[in-house]
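Chemist: Pasting a structure below so you can have a look.
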Amino acid sequence: MIEEKRIVLRNADLINPEKIEDYLQAGGYQGLVKARSMSRPDLIAEIKKSNLRGRGGAAFNCGLKWSFVPADAQVSYVVCNFDEGEPGTYKDRIIVQKDPQLLLEGMAICGHAVNSKQGYIYCRGEYPYVVELLNLAIDQARGKGILGDFNIEVRMGGGAYVCGEETALIESIEGHRGEPRFKPPFPGVAGLWAQPTVVNNVETFSNLPSIVLNGAEWFAAIGAPNYPGTKVLTLTGDVANRVSIEVPTTATLREVIYDFGGGIKEGKKFKAVQVGGTSGGFIPESMLDTPIDFDSMRSIGATLGTGAVFVMDETRDIVDITTRIAKFFEHESCGKCNPCREGTFRAYEIMRKINKGQASVQDIENLTLLSQVMEKACLCGLGQAAPSPILTTLKHFYPEYQARLQIQ
Amino acid sequence: MATIQDIILSFRDKPGGIIEAYHAVQKAYNYLPEETIAVAAETFGVSEAQAFGVATFYSYLSVAKRGKYVIRMCESAPCHIAGAEALIKAFETALRIKAGETTADGKFTLELTECVGQCQGTPVITINSVPYVNMNPEQVPAVLALCQ
Ligand SMILES: Cc1cc2nc3c(=O)[nH]c(=O)nc-3n(C[C@H](O)[C@H](O)[C@H](O)COP(=O)(O)O)c2cc1C
Ligand code: SF4
Ligand code: FES
């Protein structure tokens, strides 16, 4: 049986998150001290070499992203994406609630690497109680002078899923409607207030102190070679244990669901799992031996995404759940681009028709075509990923759709 | 209670602080009273249309008057399969209003929401942002009784 491996949750339930002294006693901020003793290019090279890839969904090499910030930039920003809007996901909340100083340390390390004096944590509006904890943690770190001249401010989101997209998030910090920008320019070149900006996820930052302290090789040797390290997963739905865990990225879905989740509750049988949040693909039983790392998930047409693991038992109605998900995207589309504004609306309309047993084969064909267009034509990841639950359920659970179609 | 003017002015020097100002007003008043938009527009140097556009973009902010207790019911997929619909119906029946409405006495507002990040305990509701997990319809009267 595979074991948990704790990097970002190493202090969880062992220290008092409200006391910086506990964190310091557990070796906290030694990574920052070491990072500050390194030159900026060396630090960036080290992170790049560790092959730490973003934990917010897109899995971009973290050090490589930092290297896009011009070395001579006068002003630059470090932004932590703590929007965590992907349904079924609560891992960033767990990480911060268990150990807020770890995130601050990670951000300060990034601040040193890209020569930034100002960091922002963009925390979703649904977590006001976590904002309080973060502000306390920042005050304590400032009181001890640990962050030096690196300043961190918490900003609260307003319940818009699209604001997790990095350029929408930047718009929101600037005080605007959270609509994604056209890229390029990428934030590394022109982000917050048109200055070079690094945006990383909470879990990405929280990995940094250990990587700096233990070295790139140490990290690169954990888990899958292409996506090393661990991943914090949140188990929801019909598993016996709805828990959050941190496992090496070589863990398979079956191990996650059965060894940690305790299998399906009430002795029922497994039907499907959706990994990565509501924009992730649905995965049938036959693919459960796939490891969770980003590339393995991609190879089966799914995504690791945020690491949400939503399990459905044999009694669940796939068409009904997919309809519910289509409503989510219709509601959260920001409306900036036509393929998504209109596409999510029509997709939800057709899914409702299917769900009510009023659709024909032609509707399914239209839905498939629409989905393919959206994947290609939408401006941001929201619209591009919205069809994924539809296409993967059509692929793996077509009989459930068929049973709902009107007899011609 | 601090005036809306005072609250908003305290964010004047914060770049992009309009959303923070809205959060602070809503914390004090439970929604954004009408004058909020005009004051914010002037304070942050944007048009009233823009200030209104920002306020209405975010589902967490409300420009409509709301009750003292705002109950938000998560209907995202994990809560959906855990029985969110029955829970929503139970609240609607108990309060005799529909989702999106406020009781006549101004005490409760019911809202639908997407995932609030407490999916270890589906289905989930929040009351003035405090989460209540593993809810079932039978618990509705007891939860409402907590709101005094
Ligand atoms: C619609 C949408 C929502 C997103 N939501 C989040 C989120 O809640 N948290 C997050 O870290 N990244 C989210 N992302 C990904 C970010 O755009 C970005 O890739 C990420 O913050 C980069 O950090 P990382 O490289 O450390 O993963 C979202 C992307 C899209 C398109
Ligand atoms: S894809 Fe959707 S969410 Fe993204 S910019 Fe277009 S309309 Fe907005
Ligand atoms: S799905 Fe309802 S709280 Fe996350």
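Chemist: If you place +1 on the Cβ of every Lys and Arg and -1 on the Cβ of every Asp and Glu, how big does the dipole about the Cα centre of the stretch A:20-221 come out, in debye to the nearest 20? Mind showing how you got there, number by number?
Modeler: Details: 19 positive and 23 negative charges, 87 e Å.
Value, rounded to 20: 420 debye.
Chemist: Still on this model: How about the stretch A:62-150: which trypsin sites (Lys or Arg not before Pro) there are in a DSSP loop, with at most 13 other Cβ atoms within 10 Å of their Cβ? Intermediate values should be presented prior to the final figure.
Modeler: On the way: sites: A:65, A:91, A:93, A:98, A:117, A:124, A:142, A:144; in loops: A:117, A:124, A:144.
Those that pass, being in a loop and sparsely packed, are A:117, A:144.
Chemist: Something else about it: Looking only at chain B, where both bridge partners belong to it, what percent of the DSSP beta bridges are antiparallel (to the nearest 5)?
Modeler: Values: 7 of 13 bridges.
The antiparallel proportion sits near 55 percent.
Chemist: Quickly work out the residue A:405-to-residue A:40 label distance, labels modelled 7 Å from Cα along the C-beta direction, and quote it in nm with one decimal.
Modeler: 6.0
Chemist: Considering only A:134, A:14, A:147, give the residue with the highest GNM mean-square fluctuation for chain A, with springs between Cα atoms whenever their separation is below 10 Å.
Modeler: Checking each option, the largest mean-square fluctuation is seen for A:14.
Chemist: Nearest 10 degrees, 0 to 90: what angle lies between the long axis of helix B:48-57 and the longest principal axis of chain B (Cα atoms)?
Modeler: So the helix axis and the longest Cα principal axis differ by about 20 degrees.
Chemist: Something else about it: Rounded, prolate or oblate: pick one for chain A, where a ≥ b ≥ c are the square roots of the eigenvalues of its C-alpha gyration tensor, a/c under 1.5 means rounded, and failing that, prolate if a/b is larger than b/c, else oblate.
Modeler: Working: a/c = 2.09, a/b = 1.53, b/c = 1.37.
Cα axes put chain A in the prolate bin.
Chemist: Within the set of other residues whose C-beta is less than 13 Å from the C-beta of residue A:49, count the net charge using Lys and Arg as +1 and Asp and Glu as -1. Please list the in-between numbers first.
Modeler: Working: positive: A:48, A:53; negative: A:42, A:46, A:217.
Every neighbour counted, the sum reads -1.
Chemist: Based on the alpha-carbon gyration tensor of the stretch A:224-313 and its eigenvalue square roots a ≥ b ≥ c, which shape applies: rounded if a/c is under 1.5, prolate if not and a/b is larger than b/c, or oblate? All intermediate terms of the calculation are to be shown ahead of the outcome.
Modeler: Working: a/c = 1.74, a/b = 1.41, b/c = 1.24.
Since a/c reaches 1.5 and a/b is larger than b/c, the shape of the stretch A:224-313 is classed as prolate.
Chemist: Extending each Cα 7 Å along its Cβ direction at residue A:72 and residue A:30, get the distance between those two points in nm, one decimal.
Modeler: 3.9
Chemist: Follow-up. Give me the extension gain from residue A:349 to residue A:314: residue separation times 0.36 nm, minus the current Cα-Cα distance, reported in nm with one decimal. If you can, show how the numbers build up before the last one.
Modeler: Working: separation 35, 0.36 × 35 = 12.60 nm, distance 2.61 nm.
Extra length available between residue A:349 and residue A:314 comes to 10.0 nm.
Chemist: Here is a follow-up. Sort the stretch A:45-154 into rounded, prolate or oblate with this rule: let a ≥ b ≥ c be the square roots of the eigenvalues of the Cα gyration tensor; rounded if a/c is under 1.5, and if a/c is not under 1.5, prolate when a/b is larger than b/c, oblate otherwise.
Modeler: On the way: a/c = 1.92, a/b = 1.17, b/c = 1.64.
Because a/c hits 1.5 or more and a/b fails to exceed b/c, the stretch A:45-154 counts as oblate.
Chemist: If you don't mind, there's one more thing I want to ask. Which angle from 0 to 90°, rounded to the nearest 10, does the C-alpha axis of helix B:35-44 make with the longest principal axis of chain B?
Modeler: Helix B:35-44 sits roughly 50 degrees off the main axis of chain B.
Chemist: Once you average over the residues of B:9-15, how many Cβ atoms of partner chains fall within 10 Å of each Cβ? The partial results should precede the final answer.
Modeler: On the way: counts 0, 0, 1, 0, 0, 3, 5.
For peptide B:9-15, the averaged partner shielding equals 1.
Chemist: Hey, another quick one. Return, in residue-number order, each cysteine of chain B whose C-beta is not under 4.7 Å from any other cysteine's C-beta.
Modeler: That list is B:115, B:119, B:147.
Chemist: Expressed as a whole number of Å, what is the distance separating the alpha-carbon centroids of the stretch A:145-162 and the stretch A:233-312?
Modeler: Comparing the Cα centres of the stretch A:233-312 and the stretch A:145-162, I get a distance of 31 Å.
Chemist: Counting each DSSP H run of 4 or more residues in the protein assembly as shown as -39500 (n - 2.57), what helix-only mean residue ellipticity at 222 nm follows after dividing by all residues, to the nearest 500 deg cm²/dmol? If you can, show how the numbers build up before the last one.
Modeler: Details: 24 runs with 230 residues, N = 556.
After summing the helix terms and dividing by the residues of the protein assembly as shown, the value is -12000 deg cm²/dmol.
Chemist: Considering every residue in B:118-127, what mean count of other chain Cβ atoms within 10 Å of its Cβ is obtained?
Modeler: Numbers: counts 4, 12, 9, 3, 4, 0, 0, 0, 1, 0.
If you average over the peptide's residues, the count of other-chain Cβ atoms is 3.
Chemist: In the structure displayed, which of A:327/A:376; A:269/A:395; A:98/A:327; A:65/A:183; A:65/A:117; A:91/B:68 lie more than 24 Å apart, Cα to Cα?
Modeler: Values: A:327/A:376 20 Å; A:269/A:395 20 Å; A:98/A:327 33 Å; A:65/A:183 15 Å; A:65/A:117 18 Å; A:91/B:68 31 Å.
Long pairs (Cα-Cα over 24 Å): A:98/A:327; A:91/B:68.
Chemist: Separate question: Based on alpha-carbon centroids, what's the gap between the stretch A:176-193 and the stretch B:44-100 in Å, whole number please?
Modeler: 29
Chemist: Continuing with the same structure: Which FRET efficiency value, to the nearest 0.05, do you get for residue A:398 and residue A:149 by plugging their Cβ-Cβ distance into 1/(1 + (r/R0)^6) with R0 = 51 Å? Don't skip to the answer; put the middle values down first.
Modeler: Working: r = 59 Å, r/R0 = 1.15.
For residue A:398 and residue A:149, the calculated efficiency is 0.30.
Chemist: Further question on the same structure: Suppose we flag chymotrypsin sites (Phe, Trp or Tyr not before Pro) only when DSSP calls them loop and at most 16 other Cβ atoms lie within 10 Å. Which is the longest uninterrupted stretch of chain A? Walk me through the intermediate numbers first.
Modeler: On the way: sites that count: A:60, A:68, A:182.
Of all site-free stretches, the longest is A:183-408.
Chemist: Right, something else. Could you work out how far the C-alpha centroid of the stretch A:203-221 sits from that of the stretch A:382-399, in angstrom?
Modeler: Between the Cα centres of the stretch A:203-221 and the stretch A:382-399 lies a distance of 35 Å.
Chemist: While we're looking at this one, here's another question. Pairs of Cα atoms under 8 Å, at least six residues apart: use those to get the relative contact order of the stretch B:54-148, whole percent. Walk me through the numbers before you get to the answer.
Modeler: Values: 151 pairs, mean separation 30.6, N = 95.
It rounds to 32 percent for the stretch B:54-148.
Chemist: So, one more: Label 7 Å along Cα→Cβ of residue A:358; the stretch A:331-352 residues with amide nitrogen under 13 Å?
Modeler: A:349-352
Chemist: Which percent, nearest 5, of DSSP beta bridges in chain A are antiparallel?
Modeler: On the way: 18 of 39 bridges.
That works out to approximately 45 percent antiparallel.
Chemist: Residue A:259 accessible area, nearest 10 Å², 1.4 Å probe?
Modeler: 60
Chemist: What does the average come to when, for each residue of peptide B:74-87, you count the partner chain Cβ atoms lying within 10 Å of its Cβ? Numbers along the way, then the final one.
Modeler: Details: counts 2, 5, 12, 18, 15, 4, 8, 13, 4, 0, 1, 1, 0, 0.
Partner-chain Cβ atoms within 10 Å, mean over residues of B:74-87: 6.
Chemist: In nm, to one decimal, how far is the modelled label at residue A:289 from the one at residue B:129, with both set 7 Å along Cα→Cβ?
Modeler: Once both label points are built, they end up 4.9 nm from each other.
The values are calculated or read from the model by the stated rules, or taken from the named source; none is laboratory data. For clarity, every value in this text was computed on a predicted model and none was experimentally measured. For neighbour counting, all protein chains shown are included, and Cβ atoms are generated from backbone atoms with ideal geometry for every residue, glycine included. Protein only, heavy atoms only, side chains kept; ligands, DNA and RNA dropped before computing areas. Shrake-Rupley method; radii C 1.70, N 1.55, O 1.52, S 1.80 Å.
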